[in-house]
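The values are calculated or read from the model by the stated rules, or taken from the named source; none is laboratory data. Bear in mind the structure is a predicted one, so any value in this text is a computation, not a measurement. Using ideal geometry, Cβ is built from the backbone for each residue, glycine included, and neighbour counts are taken over all protein chains shown.
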Amino acid sequence: MLKYDLVVVGGGPAGMAAALKAKECGVEKILICERDETLGGILEQCIHTGFGLHYFGEELSGPEYAARFIEQIEQTDIDVKVNTMVLDITTNNDVIAINKDDGLMEISSTAIVLAMGCRERPRGAISIPGTRPAGVMTAGTAQRYANIQGYLAGKEVVILGSGDIGLIMARRMTLEGAKVKMVCELMPYSGGLTRNIVQCLEDFDIPLKLSHTVTQIHGDDRVEGVTISKVDSNLKPIPGTEEYVPCDTLMLSVGLLPENELSRSVGIYLDRITGGAIVDQYRETNHEGVFACGNVLHVHDLVDFVTQESQIAGEGAANYIKGKKAFSDYRIHTKGVNGVRYVVPQRICIDDSDQPVKLYFRVGQVFTNATVKVTRNGNVIYAKKKRKLAPGEMENIIIKPEDLQEFSEGDYLYIEVEG
Amino acid sequence: MEVRELTCVACPMGCQMTASIDNGVVVSVTGNTCPRGKKYAETECTHPVRPLTTTVKVNGGKHPVVPVKSAAPVPKEKMFECMDVLNNITVDAPIKIGDVIVDDICGTGIQIVATNID
């Protein structure tokens with residue numbers, strides 16, 4: 001049986017940052033299992049720029065951002081197994097993995113970092129009626145075809161969902177000569193960044209149809225067209241508003257879901273809103289010695305924040321391995337209320353740490369000139385004015401260690417928006 | 001005097017700005033909340049530029065294409081012209097990050113460089 005101190009599941013930005021941080025903290029034997037043929041994760045297909053502004057202070061493409069970490073990993077003795085799928089985790093943190101060269105492997109490990117990333121919601125998740133022709137795919141699939149495999153997914157495209165990947169692909173397909181007819185968005189506002197609406201849609205006169213959805217897919221072998229409909233305030237299609245749009249491709253950009261099959265199978269508690277594990281400030285799950293970070297924990301907007309969060313998990317795992325167990329069973333909860341949809345971490349261990357705790361959160365609607373407040377037992381311990389808060393943009397606040405004293409086990413820290 | 005409404009793309013804030021242009025010169029910008037917004041509005045109203053990222057074909061590489069970017073933003077009106085050039089180029093592996101693929105794309109003086117290995 002292979003023996004490691006730390007096994008990292010996933011070799012994208014989260015897994016690489018966690019492994020490197022753990023190495024820096026003195027962990028000796030580390031293994032990264034990656035199911036794709038190279039390290040880098042989804043960054044390898046995100047060839048547009050805009051990555052690294054926070055972390056490196058420069059604007060990089062996805063592969064360039066990934067390469068900075070891949071090069072660092074190559075300079076360490078961190079073991080990497082690519083084309084390797086982790087199938088299971090046992091209660092005592094053994095990892096069951098498989099690949100073509102080694103076959104089925106049982107790997108004993110002290111700690112595990114889960115960094116499997118997220119997956120796009122497919123057609124099945126949103127139940128669009130119609131036939132099942134070729135040409136219906138997620139925006140990320142079309143992105144992989146275009147940017148790694150060198151295929152253009154179609155020539156006349158309708159995009160459903162205005163998430164950032166959909167917007168980026170609208171521009172990419174247009175530059176490659178395809179006609180992107182429209183982007184339909186179910187909600188009355190876009191799920192993507194404003195700058196992407198301007199640079200990816202307005203630059204190319206691609207219409208963004210808010211409060212519209214696809215209600216029928218047509219075609220036998222290949223998509224021949226879609227029916228779109230306007231939706232009412234309850235998001236239900238309005239009869240009589242149907243419009244037929246001929247196209248050969250329907251691209252979906254309708255949300256991302258953390259990929260937690262593995263976490264679920266080992267009994268890790270998941271957050272109903274984030275779809276990721278419930279963790280403490282060190283990113284440890286309820287399964288002792290198992291940590292989670294990056295998009296498998298909650299979907300991030302910026303890879304820079306994935307890197308930062310994964311370093312926390314890597315350090316947490318290192319402290320666990322070295323027996324420096326700052327962790328205690330004495331925990332309080334964080335909870336988003338009044339406009340705050342979720343908060344990560346969901347728990348804070350009250351221990352002898354003198355480190356501040358950074359809370360990440362997302363709002364459920366757009367707020368302007370609002371105040372973010374943190375309260376405990378009715379007392380405000382933090383308040384900050386924000387010019388704009390939007391569901392598409394993750395926010396963070398820092399709680400000072402002195403504000404975490406005098407809590408009782410199971411107490412709540414409430415994060416809310418006022419105004 | 002011409003007046004233009006713009007959405008700033010300098011950061012995720014997306015400020016709504018108004019620029020006044022007189023004889024091709026931006027004389028005032030309002031609605032921006034930082035100096036970057038003013039700079040974006042000035043560039044956007046006089047000579048708009050965009051970063052260009054795409055792929056070029058590779059001979060003998062691990063993948064059929066390798067991603068590339070313009071080393072600096074290219075004039076917006078030349079994006080499709082640049083795409084035409086890049087779609088008709090084939091490079092030979094091995095390619096390293098930063099390798100110059102085109103030295104001066106469409107007379108802009110801007111380099112096209114590889115952004116991944118292959």
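Can you give me the number of residues within the range A:95-118 that are of a type in the set (D, E) and in contact (Cβ under 8 Å) with a residue 24 or more places away in the chain?
Matching residues across the range A:95-118 total 1.
When the range B:87-115 is examined, which residues are found to be out of contact with any Cys (no Cβ under 9 Å at 6 or more places or on another chain), part of a strand (DSSP E or B) and without any contact (Cβ under 8 Å) to a residue 40 or more places away in the chain?
If the condition is that a residue be out of contact with any Cys (no Cβ under 9 Å at 6 or more places or on another chain), part of a strand (DSSP E or B) and without any contact (Cβ under 8 Å) to a residue 40 or more places away in the chain, then B:T90, B:V91, B:D92, B:V100 are the ones that fit.
Any residue that is more than 25 Å from A:A318 (Cα to Cα), within 14 Å of chain B (Cβ to nearest Cβ), among the polar types (S, T, N, Q) and assigned to a strand (DSSP E or B) - is there at least one of those in the range A:61-78?
For the range A:61-78, residues more than 25 Å from A:A318 (Cα to Cα), within 14 Å of chain B (Cβ to nearest Cβ), among the polar types (S, T, N, Q) and assigned to a strand (DSSP E or B): present.
Could you grab me the full set of residues in the range B:51-86 that are out of contact with any strand residue (DSSP E or B) (no Cβ under 8 Å at 6 or more places or on another chain), facing another protein chain (nearest Cβ under 10 Å) and without any contact (Cβ under 8 Å) to a residue 40 or more places away in the chain?
Within the range B:51-86, B:F80, B:D84 qualify.
Find all pairs meeting these conditions: Cβ atoms under 7 angstrom apart; at least six residues apart or on different chains; first residue within the range A:241-263 and over 21 Å from A:I165 (Cα atoms); second residue basic (K, R).
From the range A:241-263, the pairs are A:T241/A:K230; A:V245/A:K181.
Show the residue pairs that are 6+ apart or on different chains and have beta-carbon atoms under 6 Å apart, the first residue being within the range A:402-414 and of a type in the set (F, W, Y), the second being modelled with pLDDT of 80 or more.
A:F407/A:I332; A:F407/A:I350; A:Y412/A:H333; A:Y412/A:K335; A:Y414/A:K335; A:Y414/A:V337; A:Y414/A:T375
Do you know which residues across the range B:13-34 are surrounded by fewer than 17 Cβ atoms within 10 Å (Cβ to Cβ), within 19 Å of A:Q199 (Cβ to Cβ) and in contact with a Leu (Cβ under 9 Å, 6 or more places away or on another chain)?
Of everything in the range B:13-34, those that are surrounded by fewer than 17 Cβ atoms within 10 Å (Cβ to Cβ), within 19 Å of A:Q199 (Cβ to Cβ) and in contact with a Leu (Cβ under 9 Å, 6 or more places away or on another chain) turn out to be B:Q16, B:G31.
Keeping to the range A:19-38, report how many residues are within 27 Å of A:G289 (Cα to Cα) and out of contact with any Asp or Glu (no Cβ under 9 Å at 6 or more places or on another chain).
Here the count works out to 6.
Mind telling me which of the residues A:K324, A:K400, A:K373, A:K384 ends up being farther than 24 Å from A:A292 by Cα, surrounded by fewer than 15 Cβ atoms within 10 Å (Cβ to Cβ) and of a type in the set (K, R)?
Checking each option against the conditions leaves just A:K384.
Could you list all residues from the range A:90-133 that are within 19 Å of A:K29 (Cβ to Cβ) and among the polar types (S, T, N, Q)?
A:T90, A:N92, A:N93, A:N99, A:S108, A:S109, A:T110
Looking at the range A:139-156, which of its residues are away from chain B (no Cβ under 14 Å) and within 26 Å of the chain's Cα centre (by Cα)?
The answer is A:A139, A:G140, A:T141.
Looking at the structure I just gave you, is A:N234 on the phi < 0 side of the Ramachandran plot, in a loop (DSSP other than H, G, I, E, B) and not assigned by TED's automatic domain parsing to the domain that holds A:I96?
Judged against the criteria, A:N234 is a match.
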